[in-house]
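Here the structure is laid out as structure tokens; the discussion comes afterwards.
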Amino acid sequence: MEITEMTLDDLEMMQDTLYSDFDNFWSYNLLKQELQNENTTYVIAKENSEVVGFAGISVCLDEATLNNIVVKKSYRGRGIGGELLEALLELCADMNMKSLTLEVNVSNTPAIKLYEKFGFKNLGIRKKYYNNSQDAIIMTKYDI
Ligand SMILES: CC(C)(COP(=O)(O)OP(=O)(O)OC[C@H]1O[C@@H](n2cnc3c(N)ncnc32)[C@H](O)[C@@H]1OP(=O)(O)O)[C@@H](O)C(=O)NCCC(=O)NCCS
């Protein structure tokens, strides 16, 4: 598997299958804005030139935020999410970030377990963060 920086061309190539092959990510238009934002960096995972996952952070001063991490539905449970997160943590280290923070739905066990595996700690809860109904857990990793 190959992890590289994601480009607008990558996103355009994924456009037709983005919503069927992936879930729980920001919309195509928001991802496009993310890729055009100079404070934001996305990485993409490819297997035999097939896109199997992508993830991205935005940075403000020395704090980074994980905005999206998603693996193609049919490729989950094979370590790709972990590799994407590791790539972003390396990027954070290269940019001298002090922390990486994220929000995750309280019911998203796979993602919560992934973050815990990489040393993220539970900082608190944002009540009714998703659709004004489900709570988000705020998680941060400081020792980058
Ligand atoms: C969260 C997500 C990115 C994980 O990707 P993945 O490639 O399946 O994860 P990995 O195979 O790298 O697993 C890494 C760790 O995550 C945890 N994990 C992954 N899937 C899990 C599951 N179904 N149940 C419990 N833990 C799970 C485990 O700790 C695992 O480590 P282990 O294999 O040593 O037990 C993937 O489920 C996904 O794309 N979900 C939809 C998008 C999403 O919800 N993103 C998070 C938004 S906050």
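The values are calculated or read from the model by the stated rules, or taken from the named source; none is laboratory data. A quick note: this is a predicted structure, and the numbers were derived from the prediction, not measured. Reconstructed Cβ throughout: ideal geometry from the backbone, glycine too, with neighbour counts over all protein chains shown. Please note that ligands, DNA and RNA were not included when accessible areas were found on the heavy atoms of the full protein model with its side chains. Shrake-Rupley method; radii C 1.70, N 1.55, O 1.52, S 1.80 Å.
So, TYR42, is that one near the ligand (Cβ under 10 Å from one of its atoms) and hydroxyl-bearing (Ser, Thr, Tyr) or not? So TYR42 fails the test.
Evaluate the following for TYR115: is it among the hydroxyl-bearing types (Ser, Thr, Tyr), part of a strand (DSSP E or B) and in contact (Cβ under 8 Å) with a residue 12 or more places away in the chain? Give the steps one after another, and end with the answer.
On the way: among the hydroxyl-bearing types (Ser, Thr, Tyr): yes; part of a strand (DSSP E or B): no; in contact (Cβ under 8 Å) with a residue 12 or more places away in the chain: yes.
Answer is no for this residue.
Could you check, for the range 83-100, whether at least one of its residues is at positive phi and within 6 Å of the ligand (Cβ to nearest atom)? Looking for residues that are at positive phi and within 6 Å of the ligand (Cβ to nearest atom), one finds none in the range 83-100, hence no.
Taken residue by residue, the range 60-80 has at least one member that is in contact (Cβ under 8 Å) with a residue 12 or more places away in the chain, within 9 Å of the ligand (Cβ to nearest atom), surrounded by fewer than 16 Cβ atoms within 10 Å (Cβ to Cβ) and of a type outside the set (Val, Ile, Thr). Residues in the range 80-105 that are over 14 Å from the mean Cα position of the chain (by Cα) and not aliphatic (A, V, I, L, M): ASP94, ASN96, LYS98, SER99.
Consider SER74 carefully, then state whether it is over 15 Å from the mean Cα position of the chain (by Cα) and at pLDDT 95 or above. Even if it seems obvious, please write down each step before you answer.
Numbers: over 15 Å from the mean Cα position of the chain (by Cα): yes; at pLDDT 95 or above: yes.
Yes.
Beta carbons closer than 6 Å, at least 6 apart along the sequence or on distinct chains, pair a first residue in the range 1-12 that is closer than 18 Å to GLY81 by Cα with a second that is open to solvent by less than 60 Å² (accessible area, probe 1.4 Å) and hydroxyl-bearing (Ser, Thr, Tyr) for MET6/TYR42.
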